[in-house]
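Below is one structure; the comments refer to it alone.
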Amino acid sequence: MNDKLKKTTNTLKKRETIMDGAIKAFVMEGYEKSSMDRIAYHAQVSKRTVYNHFANKDDLFQAVFKRLLSEQELLKNISYDPDKTLEEQLALFADAEIFLINDPSRLALCKVLTTVFIQDSQLAMETKSKYGPPHTNLVNWLKSADEDGRMEIPDPHTAAQIFHSMIEGALTWPALFQPCQTDEQLRPLKEDMIKTYLCRFGKDSKKI
């Protein structure tokens, strides 16, 4: 490994360490009480090191949010497969949403992020504006399923919004106010919602 690549790798690792420390501070002490000193403490680095990588706590907040969103987006990178059932493919999209709540540490972070956004609507709007249109992968998947004759989708964007609203309304939001549930506990409701969704948009139930 050459010196330049080694330096870049070390920088990325240090940023990850600081973000992990920020998450610990946000979850354990609350966002408002999490000073850069406390973040440095939880990351086990000096405050100067924190400032070398992040200008302020808001920058750290955005970096933490972006990392979580990026991890989730990787799970949403799903292409339509004509050889698989619609149910199992939609389950993958549902699992990408459930990813945020089926792990205690991620759920705790989501609770913090949600609280911050509710308290500061301007920050929520500014953060949202930094990212592309939501549900793009699902929209493309729905278009393909419609073209394949297995679903009837008048408006893919609306259909995608309906699907995510069902998952978020029944699983994600309730999870913010209760202990973390396992995939096994969440599966029955998830499967029922997918069946309900396909009753509305599935064109031929025999192909589902």
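Distance between the modelled labels on residue 176 and residue 79, one decimal in nanometres: 3.6 nm (7 Å Cα→Cβ projection). Helix 3-29 axis versus longest C-alpha principal axis of the chain: approximately 80°, rounded to the nearest ten. Counting only DSSP H runs of at least 4 residues, each contributing -39500 (n - 2.57), and dividing by the residue count of the chain, the helix-based mean residue ellipticity at 222 nm comes to -22000 deg cm²/dmol.
Length available on full extension from residue 70 to residue 161: 0.36 nm per residue minus the Cα-Cα distance, which gives 30.8 nm. Indicate the gyration tensor shape class of segment 115-163 (rounded, prolate or oblate), computed on the Cα atoms with a ≥ b ≥ c the square roots of the eigenvalues: a/c under 1.5 is rounded; otherwise a/b larger than b/c is prolate and the rest oblate. It comes out prolate by the Cα gyration axes.
Relative to the longest principal axis of the Cα atoms of the chain, the long axis of helix 136-147 makes an angle of roughly 10 degrees.
Classify segment 88-181 from the C-alpha gyration tensor, please: rounded if a/c falls under 1.5, else prolate or oblate depending on whether a/b exceeds b/c. Oblate, because a/c is 1.5 or more while a/b does not exceed b/c. Which of the three applies to the chain, rounded, prolate or oblate, going by the alpha-carbon gyration tensor with a ≥ b ≥ c and a/c under 1.5 meaning rounded? Prolate shape, in that a/c is at least 1.5 and a/b is the bigger ratio.
For residue 168 and residue 191, the FRET efficiency from 1/(1 + (r/R0)^6), where r spans their Cβ atoms and R0 equals 22 Å, is about 0.85. Label sites at residue 9 and residue 183, each approximated as a point 7 angstrom past Cα along Cα to Cβ, lie 3.1 nm apart. Kindly state, to the nearest 0.05, the FRET efficiency for residue 44 paired with residue 117, given R0 = 41 Å and r defined as their beta-carbon distance. Given R0 = 41 Å and the Cβ-Cβ separation, E is 0.90.
Every read-out reported here was derived from the displayed coordinates using simple, explicitly stated rules and does not represent laboratory data. Note that the structure is a prediction, hence the values are computed from the model and not measured. With ideal geometry, Cβ positions are generated from the backbone for all residues, glycine too; neighbour counts draw on all protein chains shown.
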